[in-house]
Number of protein chains: 2
Amino acid sequence: MKAFCFDVFGTVVDWRSGVARDAAIFFERNGLTGLDPLEFADAWRSRYQPAMQACRAGDRPYVRLDVLHRENLEYVLAQMRVDIKAIQESDLAWLNMAWHRLDPWPDVVAGLTRLKAKYIIAPASNGNIALMVGIAKRAGIPWDAILGAEVTQAYKPAPQAYLRLAEVLGLEPAQVCMAAAHNNDLAGAHECGLATAFIPRPTEHGPGQTMDLAPAGDWNIVASDFNDLASRAGC
Amino acid sequence: MKAFCFDVFGTVVDWRSGVARDAAIFFERNGLTGLDPLEFADAWRSRYQPAMQACRAGDRPYVRLDVLHRENLEYVLAQMRVDIKAIQESDLAWLNMAWHRLDPWPDVVAGLTRLKAKYIIAPASNGNIALMVGIAKRAGIPWDAILGAEVTQAYKPAPQAYLRLAEVLGLEPAQVCMAAAHNNDLAGAHECGLATAFIPRPTEHGPGQTMDLAPAGDWNIVASDFNDLASRAGC
C-alpha cells in the first residue's frame, strides 16, 4: 500500500453540523423564521446523489459540485417556500460556500499527519478542487494532492472514479486504499481492485443514524477513527 | 491575489544537477564509460519541448510527462549509442524516475511555507500528478494542491493551461499569480490575464546560462528567490 485516498463528506468532515451552523446565520440574517437548520442541511444533502446521477448516467457532462450545490440550494429553498428573489446574490453565494467551511471530525488532522509520514494522502471526493482546497486550508488538513471527481472527471461510485485515481498516482489499484465511512463507496473501490478501509461516523446523519454503523463488506481495514487507522497502517 | 502557482522544473527544482547525479549512478552501474552526466541531462531535457509540442498541436492527445520522459530517455540513450536492450528494464525505469527525485533550490521550502500561510500554493507544471507528488513528498514541499497539465489537460504555454488553473481554483485569472524563472511561461500567463512573478534561476542550465537571467516583461513581481517572493507578497 502506497496511498490512502479519502472520502470527504461524512468521512473527513461533519457536513451536517457545519451546513446547519451557517444556515442558522443565513436564516437569521434574512428574517426567515420557522426553518430548522438541521432539517435544511439534510434536505440540501439529499439532493446530492440525484444531482450527480445525471452526470454519471451521461445525461450531463461532468459539472463541478460547487455548481450542483448551488442548483440544489435554490431548489431546496424554493421547496421551503423561501422567496429567493428577495435574497441578495452575495448572501446566496455565501451560503453555498458553507461546504468550503466544514470542520473535520476531531481525530482527522492528527491521524492524517501520522499517515502522511509513510503514505501519500489525498481526498478522493466528489467535491471539486476549490472546495477541497477551501476545506483543507481552513482546517489545516495536510493533503499531498487534491484528487477526486474533478481530476478523474467521474463521480463515485463510477469505476473510472477509482481506476483513474490509481492511474494518476502511477500506482496499481491494489497499492491504493480507499478510506470511507460509507460501505457503498468501499464496494465501488473494491470492485476496481483497490484496498479498502472503513471508519464509521455514527453521527454523520445525526443521533438517529441507521446506515453505515458497521462494515458491510470484507474490508481490508476497519478502524474506529483516523488515529486508529494510522496505527493499523503501521504509522 | 489569492493563489500562487509555480512552474516546477527550473523554478522550484534543480533538474540539471538532479538528473546528472542519477545518470552518473546509472552509467557506472551499467559500465557505460565516456558519457558526461551533465551533457546527458541537457540532451534529455532538450527533447522536452518538442515532445509536448505534438500534444499542444493536437497531433497527439494529452500524454503524461512520465511517459514522454521515458520515450525521450530511450531516444537520447540510442543517440549516445547505448544498447538499450542490454539494460535491465528496472534500471531504465529507475533512471526515468530521476525526475521524481529532484531537489528544490535551497530557498524553496522556507519561502513556500511562508506563502502558504496567506495564499493557496500549487504547482502549475507540465509534469504529471505522480511526478509532482513524488518530488514534493521527498523534499517536503507543502503544496495545497497539485495542479498543472494533468488537471488542465493542456501543456503550457497553451492558454487553457493558465485559464483552467484559475477556473479549478474558483478564482478570476487576476487573482492567480503565475511564478516562474522563465519569461515565456510568464508571457503565456500574462496574456490570459494572470498576475506574474519572475524569480531568476541563473544556474538552471549550468554556469554558462544566457537565457532568462533577467525579467523580459512588465511582470507584477520580480523577486531574487522564494523568500524574497514571500516578503514581496506580504508574508
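Just a yes or no: is a residue in segment A:22-32 within 18 Å of the chain's Cα centre (by Cα) and surrounded by 16 or more Cβ atoms within 10 Å (Cβ to Cβ)? There is at least one residue in segment A:22-32 that is within 18 Å of the chain's Cα centre (by Cα) and surrounded by 16 or more Cβ atoms within 10 Å (Cβ to Cβ). Considering segment B:169-179, and only residues there that are part of a strand (DSSP E or B) and among the aliphatic types (A, V, I, L, M), the residue that is nearest to the other protein chains (Cβ to nearest Cβ) turns out to be B:Val176. When you look at B:Gly206, is it part of a loop (DSSP other than H, G, I, E, B) and more than 20 Å from the chain's Cα centre (by Cα), yes or no? Here the answer is no, as B:Gly206 does not meet what is asked. Could you tell me whether segment B:78-85 includes any residue that is under 16 Å from B:Trp15 (Cβ atoms) and in the same structural domain as B:Gly34 (by TED's automatic domain parsing)? Checking segment B:78-85: not a single residue is under 16 Å from B:Trp15 (Cβ atoms) and in the same structural domain as B:Gly34 (by TED's automatic domain parsing). Restricted to segment B:143-168, and to residues there that are within 10 Å of chain A (Cβ to nearest Cβ), in contact with a strand residue (DSSP E or B) (Cβ under 9 Å, 6 or more places away or on another chain) and of a type outside the set (A, V, I, L, M), the residue that is farthest from B:Thr113 (Cα to Cα) is B:Asp144.
For A:Leu92, the stated conditions do not hold, so it cannot be described as under 20 Å from A:Leu169 (Cβ atoms), away from chain B (no Cβ under 12 Å), touching a residue at least 12 places away in the same chain (Cβ under 8 Å) and part of a helix (DSSP H, G or I). Residues that are modelled with pLDDT under 95 and either of a type in the set (S, T, N, Q) or part of a loop (DSSP other than H, G, I, E, B) (or both) within segment B:58-78 comprise B:Gly58, B:Asp59, B:Arg60, B:Pro61, B:Tyr62, B:Val63, B:Arg64, listed in sequence order. With respect to (1) without any contact (Cβ under 8 Å) to a residue 60 or more places away in the chain; (2) farther than 25 Å from B:Tyr162 by Cβ, the lone exception for B:Asn72 is condition (2).
B:Gly193 meets all of the listed conditions (1) in a helix (DSSP H, G or I); (2) more than 14 Å from chain A (Cβ to nearest Cβ) but one, namely (1).
The values are calculated or read from the model by the stated rules, or taken from the named source; none is laboratory data. If you're wondering where the values come from, they're calculated on a predicted model, not measured in any experiment. With ideal geometry, Cβ positions are generated from the backbone for all residues, glycine too; neighbour counts draw on all protein chains shown.
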